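**Student:** What follows is a single structure, and I will ask about it in a moment.
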Amino acid sequence: MAKSGKNRDRGSALVYSTDVGRRCPQCARPVADCVCGKDRPAYVGDGVVRIQRETKGRGGKAVTVVRGLPLAGAELKALAKTLKQHCGVGGAVKEGDIEIQGDQRNAIKAKLESLGHTVKLSGG
């Protein structure tokens, strides 16, 4: 049974092309030429938030790093503030990642799961 062109294209969108690479999910242009500006969606990745503990470059002090959140700008800062208050420690937002002081992986995992995120502990 042959599908007509109209039905075949329903629900499908070009995500990657070998000639230009990744495309914006809203305007379907190459990411470098996207015209969505600030309305462009944040990096979604695979939809899993990863939490890991890092000490490298911090003088042996541990921080908990939260990566893969599909949020940007003010939303990310608001979530970082909520996590810092929940753990009772300081932290920062750097390059789209949330850094929380100390080893707070279990507390952050529980809080993010209660907010509806899929969470995995990563690293050693």
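Every number here is computed from the coordinates shown, using simple stated rules; none is lab data. Because the structure is a prediction, the values reported are computed rather than measured. Counting neighbours? That spans all protein chains shown, and the Cβs are built from the backbone with ideal geometry, glycine included.
**Student:** Just give me a number: lysine pairs in the range 51-116, eight or more positions apart or cross-chain, with C-alpha atoms less than 22 Å apart.
**Tutor:** 18
**Student:** Using a 7 Å offset from the Cα along the Cα-to-Cβ direction at both residue 86 and residue 56, what is the distance between the two label points in nm, to one decimal?
**Tutor:** For the pair residue 86/residue 56, the computed spacing is 2.6 nm.
**Student:** Still on this structure: Taking every DSSP beta bridge with both residues inside the range 48-121, roughly what % is antiparallel (nearest 5)?
**Tutor:** 75 percent
**Student:** Starting from the amide H of residue 104, placed 1.01 Å from N in the peptide plane, find each other amide H under 5 Å away whose residue is 5 or more places distant or on another chain.
**Tutor:** 64
**Student:** Work out how much length residue 31 to residue 110 would gain on full extension: take 0.36 nm times their residue separation and subtract the Cα-Cα distance, in nm to one decimal.
**Tutor:** 25.0 nm
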